[in-house]
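Q: Handing you a structure now.
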Amino acid sequence: MKNISFLTLFLLCFTNSISSQSLSLEYDSYSYSSPGEVNEMKIYVTNETDQNLPIIVTKTVITDLDVVSTFCWGSTCYTPTTSVSTYSEVINAGSTSSAFTGYVHDMPTNAEVPVRFCFAVESDISDKVCAQVTFSSMSDAMSLGENILDFNIYPNPSSDFIKFSSSEIISSEIHIYDLLGNTLKVINNFDDRIDVTDLKSGIYILSTNIENNSVFKRFTISK
């Protein structure tokens with residue numbers, strides 16, 4: 001029960017899955033970096049329809065702080081003054097795109113910068129879905145973020161297997177959950193890799209214990 005409680009807290013704090021009529025998003029609610037660094041956030045966009053859709057992006061920075069925010073959509077990266085992408089990115093029917101990254105450059109000290117990114121069908125901009133994310137350099141948030149980032153999964157995204165690295169001793173049991181908290185896999189006595197060929201494309205949570213502490217890490221399957 002203790003592990004499930006930690007998992008629930010992790011899911012509530014760090015992940016969101018929202019949808020519109022045609023699109024759905026999966027993303028972390030918070031992104032952490034040290035002051036002065038570039039803080040970046042990936043958002044995964046899924047076309048839920050049976051047609052290929054060209055998608056445009058809008059950006060709204062929700063703060064009075066003097067910050068520099070940019071984003072890349074597809075092969076185009078936009079300037080800080082750009083709030084609407086000038087090019088659309090086509091997402092094939094039923095596919096998920098990982099072609100979006102949002103940035104806040106030169107993060108202020110002990111600051112939180114909320115930014116809203118909206119993804120809309122180019123032919124009907126009312127058919128849209130938005131994600132409000134917070135870029136943070138808060139010291140307490142960094143402590144939590146560093147605790148999670150100490151545990152690394154690679155390759156990420158993956159299609160067939162994952163490996164992980166940590167400077168600490170990892171327990172012999174690995175749990176993999178979906179974003180609803182359902183247990184999908186329990187792995188014991190693993191070698192240097194974990195087979196994930198049975199998982200569908202999407203975002204998952206891997207958990208284990210490091211020195212008796214529960215650790216969770218998000219990873220993506222892309223096929």
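Q: Given the structure, is Ser83 crowded, with 18+ Cβ neighbours inside 10 Å and either in contact with a Ser or Thr (Cβ under 8 Å, 6 or more places away or on another chain) or modelled with pLDDT of 80 or more (or both)?
A: Judged against the criteria, Ser83 is not a match.
Q: Moving on. Take the stretch 159-173 and flag every residue that is in contact with a Phe, Trp or Tyr (Cβ under 7 Å, 6 or more places away or on another chain), at pLDDT 85 or above and either within 15 Å of Asn209 (Cα to Cα) or not basic (Lys, Arg) (or both).
A: Ile162
Q: Just the residues that are closer than 30 Å to Leu65 by Cα and either surrounded by fewer than 15 Cβ atoms within 10 Å (Cβ to Cβ) or among the hydroxyl-bearing types (Ser, Thr, Tyr) (or both), please, taken from the stretch 115-126.
A: Those that are closer than 30 Å to Leu65 by Cα and either surrounded by fewer than 15 Cβ atoms within 10 Å (Cβ to Cβ) or among the hydroxyl-bearing types (Ser, Thr, Tyr) (or both): Arg116, Ile125, Ser126.
Q: Can you run down the residue pairs with Cβ atoms below 6 Å, 6 or more apart or on separate chains, where the first is in the stretch 50-79 and on the phi > 0 side of the Ramachandran plot and the partner is in a strand (DSSP E or B)?
A: If the second residue must be in a strand (DSSP E or B), the pairs left are Gly74/Glu89; Gly74/Ala99.
A quick yes/no check of all residues on (1) among the acidic types (Asp, Glu); (2) under 25 Å from Val38 (Cα atoms); (3) at pLDDT 90 or above; (4) in a strand (DSSP E or B):
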| residue | (1), (2), (3), (4) |
| --- | --- |
| Pro114 | no, yes, yes, yes |
| Ala120 | no, no, yes, yes |
| Ser126 | no, no, yes, yes |
| Gln132 | no, yes, no, yes |
| Met142 | no, yes, no, no |
| Glu146 | yes, yes, no, no |
| His175 | no, no, no, yes |
| Asp191 | yes, no, no, no |
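Q: So which residues in the stretch 35-52 are out of contact with any Phe, Trp or Tyr (no Cβ under 9 Å at 6 or more places or on another chain) and closer than 19 Å to Lys223 by Cα, if there are any at all?
A: Result: Thr46, Asn47, Glu48, Thr49, Asp50, Gln51, Asn52.
Q: Still on this model: Any residue in the stretch 87-99 that is touching a helix residue (DSSP H, G or I) at 6+ places or on another chain (Cβ under 7 Å), under 20 Å from Tyr32 (Cα atoms) and not acidic (Asp, Glu)?
A: no
Q: Report yes if some residue within the stretch 178-185 is in a strand (DSSP E or B) and either surrounded by 17 or more Cβ atoms within 10 Å (Cβ to Cβ) or at pLDDT below 80 (or both); otherwise report no.
A: Scanning the stretch 178-185 turns up no residue that is in a strand (DSSP E or B) and either surrounded by 17 or more Cβ atoms within 10 Å (Cβ to Cβ) or at pLDDT below 80 (or both).
The values are calculated or read from the model by the stated rules, or taken from the named source; none is laboratory data. Here the structure is a predicted model, which means the values were calculated and not measured. FYI the Cβ positions are ideal-geometry reconstructions off the backbone, even for glycines, and counts take in every protein chain you see.
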